[in-house]
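Beneath this line is the structure, given in structure tokens, with notes to follow.
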Amino acid sequence: MEESTSREKVLKRIRNALLEKTDNPFSRSVFDSPILPPMEEGLEVAFAERLMQTGGKFVYCENADEVVANLKALASAIDTDTLLCLEGELQGLLNRAGLKSSADLDAFREQGAGFTSCEALVARSGSIIVSSRLTGGRKLNAFPDIHIVLGRTSQLVPEIADALDALRTRYGVRIPSVISMVTGPSRTADIEKTLVMGAHGPRELYLLLLEDAF
């Protein structure tokens, strides 16, 4: 009974407070001003530094030929000649590198490495924005042990809000059903505070940044 009485007292106070008009106690607050200080370095440098701080690997490519050369070297380093890839342009790059592309999503555990594009690159956090509207869908961003991403300098944005604005501009009202932010390889320390890589997704993340902003 005492708990019920206390609850009624609290609810009564809330009702009375809603009926009374009060002045905004934060009338001098500016809610549209930047929260974080501006980044002093360029977007490319800021993104690369933060991506590597989270355990991701960053490779700058001046042109498509360098993308092909780096794909070939990366495939050799991870000891594979086949990458899961569903995007025509990326499949063409793999073909130029002498590598095979597989579209068999049921065999992702055997293939081990996936190659995708992205929606945007957030310099502030070194994050890669992906969505369900990409040809690779949801699986290629989460299931393969190694995730290789081709990003472009024109996709670099300072903040997460800018990435969301870019998505609204690209898709309009048909916004993707799933938008994910990938910040470094998957990891967790939930169990006895022991860091485990690849717990909920790829244990290795590579970003090939192609220069295209001329």
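The numbers here are math on the coordinates, done by the rules we state, and not lab data. Owing to the predicted nature of the structure, the values given are computational and were not obtained by experimental measurement. Positions of Cβ are generated from backbone atoms using ideal geometry, with glycine treated the same way; all protein chains shown enter the neighbour counts.
The table below gives the values:
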{"quantity": "Top positive-direction residue, dipole computed over the range 41-210 with Cβ charges, set VAL178, ALA120, LEU156", "calculated": "VAL178"}
{"quantity": "Distant-in-sequence amide H partners of LEU156 (H built 1.01 Å from N, under 5 Å)", "calculated": "LEU121"}
{"quantity": "Beta bridge orientation in the chain: antiparallel %, DSSP, nearest 5", "calculated": "30"}
{"quantity": "Over the chain: helical MRE at 222 nm, DSSP H runs n ≥ 4 each giving -39500 (n - 2.57), nearest 500", "calculated": "-10000 deg cm²/dmol"}
{"quantity": "Modelled FRET efficiency - R0 41 Å, TYR171 with SER27, Cβ distances, 0.05 increments", "calculated": "0.65"}
{"quantity": "Angle in degrees between helix 43-53 and the longest Cα principal axis of the chain, rounded to the nearest 10", "calculated": "90"}
{"quantity": "Dipole of the chain, positive direction: furthest Cα of THR5, PRO202, LEU86, with charges on the beta-carbon", "calculated": "THR5"}
{"quantity": "Rough spin-label spacing in nm, given labels placed 7 Å along Cα→Cβ, for GLU40 and TYR60", "calculated": "1.9"}
{"quantity": "Unit charges on C-beta of K, R, D, E only; dipole of the range 41-210, Debye", "calculated": "380"}
{"quantity": "Hull volume in cubic angstrom per residue (convex hull over the Cα atoms of the chain)", "calculated": "226"}
{"quantity": "For PHE58, distant residues with modelled amide H under 5 Å away", "calculated": "LEU207"}
{"quantity": "Vicinal HN-Hα couplings computed from phi for the range 129-144 (Karplus, 6.51 cos²θ - 1.76 cosθ + 1.60; Hz; Gly/Pro x)", "calculated": "8, 10, 8, 6, 7, 5, 4, x, x, 8, 5, 5, 8, 10, 7, x"}
{"quantity": "Cβ-based net charge around ARG168, under 12 Å, with every Lys or Arg adding one and every Asp or Glu removing one", "calculated": "-1"}
{"quantity": "Sparsely packed chymotrypsin sites (Phe, Trp or Tyr not before Pro) within the range 31-87, loop by DSSP, other Cβ within 10 Å at most 14", "calculated": "PHE31"}
